[in-house]
There are 2 protein chains.
Amino acid sequence: MKFSRGTDYALHAMAYLASQQEKGGKIPVQELADKLAVSSTYLSKILARLVKMKYIIATSGAKGGYSLPAGWEDISVYNVIVAIDGEPTLFEDSFNHGDECKIQRLMMEVETDMIEALKNRRIVELI
Amino acid sequence: MKFSRGTDYALHAMAYLASQQEKGGKIPVQELADKLAVSSTYLSKILARLVKMKYIIATSGAKGGYSLPAGWEDISVYNVIVAIDGEPTLFEDSFNHGDECKIQRLMMEVETDMIEALKNRRIVELI
DNA sequence: TAATTATAGATATTATGAGTCTATAATAAC
DNA sequence: GTTATTATAGACTCATAATATCTATAATTA
């Protein structure tokens, strides 16, 4: 019952990029990896998912690195979580119980509220 | 990012016991296991945790089985989850970041709200 | 004493998270 | 154009936890 460490890395990376945003520079993965005390190849894998979702921009080559796209202020914590872990689900709905199951319904309500809360929180808050 | 299947079994077992409560009888694990389509020995292991927390009562011997204790109407969904999975934590706080970490703080807020919601929901609602 | 029920321990299986290593592609500096 | 720098992608390993199963034991009633 917790989000993956990958999500944690991703959120910290996003927060760091956001905090460096004024300078307009690109941040190489090695710098991010040093900050987070994680291997750069592994962090690359995680960041690749954010690139795929266009939450960050990757630039190859010398003086390259990662940066934030226009409109990054709208990216939510939920966006990042889904990019890394996929849609969060408190219960496995492929089990026994369909819509008529009160347990399933109750958990869905709690889950929906949690998701709503995460959608309302944005990366820009983390600077 | 989901609760264990064990929690699911436990909630369904509790709901079933509650629904049979009027009859005052004890329900053997085999009957519960049949309902949930799970092996009785495995379900026993899960129910043992509820017994330890006094959320259900186990009676050995012929005509024995599981039943609910006095005051069972106050047992929350959260109680059951903690009994099976332990305290839920959205993030591993043993990582890098202490109280000053904004990500940690944000996730703690979301987590606290979720826990509060689960504490406000009781087994009695599931009948 | 025998039947019925729960409990506990050892073990197996499987899935997933977490991470490494290596090769490849893209781009800028020279 | 060559080289250095950067990101990307795939195969693979390792550890851990969930999800059970099986067997033996303890408790209680008929």
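None of the figures in this text is laboratory data; all of them are computed from the coordinates on show. All figures in this text were calculated on a predicted structure; none of them were measured in a lab. Virtual Cβ from ideal backbone geometry, glycine too; neighbours counted across all protein chains shown.
Work out the length of the dipole vector of chain A about its Cα centre, built from +1 on the beta-carbon of each Lys and Arg and -1 on the beta-carbon of each Asp and Glu, and round it to the nearest 20 debye.
Details: 15 positive and 17 negative charges, 150 e Å.
Around 720 debye, computed over chain A.
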Which of A:MET114, A:MET14, B:MET1 has the fewest Cβ neighbours within 10 Å, and the rest in rising order: B:MET1, A:MET114, A:MET14
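Treat the count of other C-beta atoms within 10 Å as a stand-in for reagent exposure and order B:LEU43, A:LEU106 from fewest to most. Walk me through the numbers on the way to the answer.
Details: B:LEU43 23, A:LEU106 20.
With the sparsest Cβ surroundings first, the list reads A:LEU106, B:LEU43.
A 26 angstrom limit on the alpha carbon distance is what I want to check against. Which of B:LYS54/B:LYS119; A:LYS54/B:LYS119; A:LYS52/A:LYS102; A:LYS119/B:LYS54 exceed it? Can you show the working numbers first?
Values: B:LYS54/B:LYS119 17 Å; A:LYS54/B:LYS119 38 Å; A:LYS52/A:LYS102 37 Å; A:LYS119/B:LYS54 38 Å.
A:LYS54/B:LYS119; A:LYS52/A:LYS102; A:LYS119/B:LYS54, as the Cα separations exceed 26 Å there.
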Dipole in debye (nearest 20) - the protein assembly as shown, about Cα centre, beta carbon charges: Lys, Arg +1; Asp, Glu -1: 640
Rough spin-label spacing in nm, given labels placed 7 Å along Cα→Cβ, for B:ARG105 and A:THR89: 3.5
Derived scalar couplings ³J(HN,Hα) [region B:4-13; Karplus, 6.51 cos²θ - 1.76 cosθ + 1.60; whole Hz; x for Gly, Pro]: 6, 5, x, 4, 4, 4, 4, 5, 5, 5
Region B:20-95-region A:9-45 distance, computed between alpha-carbon centres (Å): 45
Percent RCO, i.e. relative contact order, over chain B, from Cα pairs under 8 Å lying at least 6 residues apart: 31
